[in-house]
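As structure tokens, the structure follows; a few thoughts come after it.
The values are calculated or read from the model by the stated rules, or taken from the named source; none is laboratory data. In this text, all values refer to a predicted model and were calculated from it rather than measured experimentally. Reconstructed Cβ throughout: ideal geometry from the backbone, glycine too, with neighbour counts over all protein chains shown.
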Ligand code: FES
Ligand SMILES: [Fe+2]
């Protein structure tokens, strides 16, 4: 048995690889983002690697006549030109699949990467996260539906086979231990960096599988592991010693393709309109003078927006796209510097995971201190609104784009982009066609894959399904599950306070009316004594005959209604105070209930940006 010794890496697999067994799309998602018909029935053939060179995929991204008869501008006219370079392999690239702080170590989690169902789980024996193919070798059911045993094994829920962190089957309840490679789970190389769990979705070398290899093979494989981990795409600023960068981290599974997400984040000119009234303003727009500052190569490209956001109020913004799915905008402004970091993780056709870091460095200690106090779930909940601004446009727009490109047309043939504001989008499409093979699922204008891509997208989702933030995030986010509990508990407490304070208000009012009424009718001493007993202010005479429970009740009544006041005025004032508290608690309960709903529901019907 061989296993990796690095503290945060795992790397184990059997001879079975996802390339030999085509992954099934939409399998067993609790609530598929696309309707079952189409996606659930489709199968996507995954080649060993999608590595198409410039010479084999030149159709997409080329400048040519637009479908509506208007001439699309030459991309070279706005400073675009593809540089030299090789091609990328989608399965030999690193992808983040989760923030570790949002994973519950007590249970397995299902994720999908490049169409491969995977299970992420915490191996307490090695103090490391593990990523396996989410398929039990026995009867192929998802391991993510199982559990972590008290001894720290991943146990399949169907017949109880249990696997250690290196993928080895340690327990077959019906038989005992099983040492054959066929009983092993299929593992992937993973590593934790900057709080993110990254996965390399390619088969492991034989020496790192449970069946092992020679010592020399193992040494070579471990050396290769270190080399491979050096390729993980990181935020360089977070590595600066004493850098004081703070990261606001957000993620969500989105009902559109990773390439649509990447285009959207590269496309700054949509922000004032799509996000009007949420984070921007359609009335404050400056020039979108975007320019590439590098050639487009297999590694990506970079650019500069000279004017920058908010009509130049914040200064110029630089952008770097690092292939295949990492993007960073950087803004150095007065008082702060900010990075918008996006990993657009390809899950399956028409579905991606957004991993977003908004990284800030303040020049002032106060915002820095406040920033540090905000719980993770608050950033998640507040980001949903912004993401939903885009959701409907992108879900429907990508379907239309894919449908029109299914016959082999390039992106610039179906979309008309005459403005310099579209520079980055055009550059990305050029990169995708020249170096990215049209994307891991095709659909990038390659005639052979276009129709299959459209079919794999499946039917359109309803607006309500598009905005279902519970299934797209909350359900699988440990931070939000915790936030949901905290907010739900606070709402229940507020409701209880409201009921108790309301009852106290009624009681005080009754006491006030009783004592005032008694005084007015001359019942004098008798009524006063009764009221005093109720109010507790003069309960001493009766205390001797009351039971212990009665004494407590009298004391409580006194605490609620206050000392006996024969005029009833102070009791009535108390009633008003209790009523105010009841109203405040009711209002707080309502606000908390509204906040609790934010974990579940989107803003419906959107979009809010149609308001003035
Ligand atoms: S299918 Fe997993 S133990 Fe049988
Ligand atoms: Fe969350």
How many residues of region 122-133 are away from ligand 1 (no atom under 14 Å from the Cβ) and either touching a residue at least 60 places away in the same chain (Cβ under 8 Å) or under 22 Å from the mean Cα position of the chain (by Cα) (or both)? The answer is 8
Practice task
Evaluate the following for residue 250: is it under 28 Å from the mean Cα position of the chain (by Cα), in a strand (DSSP E or B), away from ligand 1 (no atom under 16 Å from the Cβ) and farther than 29 Å from residue 429 by Cα?
Solution key: no
Do we have any residue at all in region 487-498 that's away from ligand 1 (no atom under 16 Å from the Cβ), crowded, with 20+ Cβ neighbours inside 10 Å, within 30 Å of residue 116 (Cα to Cα) and within 25 Å of the chain's Cα centre (by Cα)?
no
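Results for (1) free of Cβ contacts under 8 Å to residues at least 60 places away in the same chain; (2) part of a loop (DSSP other than H, G, I, E, B); (3) away from ligand 1 (no atom under 16 Å from the Cβ), shown as yes or no for each residue.
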residue: 96; (1), (2), (3): no, no, yes
residue: 101; (1), (2), (3): no, no, yes
residue: 135; (1), (2), (3): yes, yes, no
residue: 152; (1), (2), (3): yes, yes, yes
Point to revise | Test result for residue 119, within 30 Å of residue 252 (Cβ to Cβ), without any contact (Cβ under 8 Å) to a residue 24 or more places away in the chain and either within 16 Å of ligand 1 (Cβ to nearest atom) or not in a strand (DSSP E or B) (or both) | key: no
When every residue in region 362-378 that is touching a helix residue (DSSP H, G or I) at 6+ places or on another chain (Cβ under 8 Å) and not in a helix (DSSP H, G or I) is compared, the one surrounded by the most Cβ atoms within 10 Å (Cβ to Cβ) is 362
Would you call residue 375 farther than 20 Å from residue 351 by Cα, at pLDDT 85 or above and in the same structural domain as residue 253 (by TED's automatic domain parsing)?
-> yes
